[in-house]
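The values are calculated or read from the model by the stated rules, or taken from the named source; none is laboratory data. For clarity, every value in this text was computed on a predicted model and none was experimentally measured. Don't worry about glycine lacking a Cβ; one is built from the backbone with ideal geometry, like all the others, and counts go over all protein chains shown.
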Amino acid sequence: MAVRPVWKGQLRLSLVSIPVEMYSATNSGSSISFRQIHKPSGKPVRYEKVVPGIGPVDADDIWKGYEVESDEYVLIEPKEIDRIKLETKKTLELIQFVDITEIPPIYFDKPYFLAPTDELAEDAFRVVRDALAQSRKAGLGQLAMRGREYLVAVRPCGSGLLLETLHYEEEIRKTDPFFSSISKKKAEKELLSVAADLIEKKTAPFDAGAFKDRYADAIRQLVADKSKGRKSKVSVESGGSRPKGDNVVDLMSALKKSLEDSGGGKKRAASSATSRRKKSA
């Protein structure tokens, strides 16, 4: 089944307009989801919209409520919402450019692929793509779609472009309530050195294929077994348990043991010995 674009329009850079199509970059069908089923009948459970003390209500009687205080709402008629919805526009203009690394990861929301609509659009598309890659920049703009306006960043992705919707600033929580109680004291140098060695030893190129969703695989296996009428006992092994209470060893010993288990202990010991010889000389 062909994948349908979620948006079609023009990607504009100043006076240059490029016909493009936008596709979701994630496959929602691969995620595990369940329906609630009434066991005696085997039928799906449906939900009715009810009001406490009144019971089921008609859809026409349901308005939007914006909570201004606890349990106090400003009522808004659905037609009023419809009047202020933004019309889906057919143009995405890149109005500013920033270094790709300048956007904090917390702002990224959902990824989409951008591709030229046809061969005639490819030349201009490649120019914008390669210019962004060469400058290591991302283009920023706002896209009106599905009744609202999205802040987006566009950057190179393979032979195409990646568009990512971004959270607006007011959507991001401040860190103070969560981090203010954490001491700003620096880590001890020796501990930091061992931890850095451990990180370096375990550093490798990013490969998402190296990580598997064991829970999803187990669910699929369970479904396959049950659909064939077989009984199945599926378990998901954890990646190891954390020691608790008196079993917790001191931090330095744990870091050194981790480094040795990863094969980095001898290398670090040799490096330390070399450093001591240089100092004594």
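Of the residues contained in segment 179-196, one or more are found to be modelled with pLDDT under 95 and of a type in the set (Asp, Glu).
Matching residues to (1) over 25 Å from His167 (Cβ atoms); (2) not aliphatic (A, V, I, L, M):
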residue: Leu75; (1), (2): yes, no
residue: Arg83; (1), (2): yes, yes
residue: Ala138; (1), (2): no, no
residue: Arg148; (1), (2): no, yes
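When Ala59 is tested against (1) surrounded by 10 or more Cβ atoms within 10 Å (Cβ to Cβ); (2) more than 30 Å from the chain's Cα centre (by Cα); (3) at pLDDT below 90, exactly one condition is not met: (1).
Just one of (1) on the phi > 0 side of the Ramachandran plot; (2) in contact with a strand residue (DSSP E or B) (Cβ under 8 Å, 6 or more places away or on another chain) fails for Leu163. It is (1).
Looking across segment 174-212 at every residue that is out of contact with any Ser or Thr (no Cβ under 7 Å at 6 or more places or on another chain) and in contact (Cβ under 8 Å) with a residue 24 or more places away in the chain, the one that is nearest to Ser28 (Cα to Cα) is identified as Glu200. A search for C-beta distances below 9 Å between a residue of segment 134-146 that is over 11 Å from Gln96 (Cα atoms) and in contact (Cβ under 8 Å) with a residue 60 or more places away in the chain and any residue that is in a strand (DSSP E or B) and among the aliphatic types (A, V, I, L, M), counting only pairs 6+ apart in sequence or on different chains, returns Leu143/Met22; Leu143/Leu92; Leu143/Leu151; Leu143/Val152; Leu143/Leu163; Met145/Met22; Met145/Leu86. Within segment 64-110, the only residue that satisfies the criterion of being surrounded by 12 or more Cβ atoms within 10 Å (Cβ to Cβ), part of a loop (DSSP other than H, G, I, E, B) and either touching a helix residue (DSSP H, G or I) at 6+ places or on another chain (Cβ under 9 Å) or at positive phi (or both) is Leu94.
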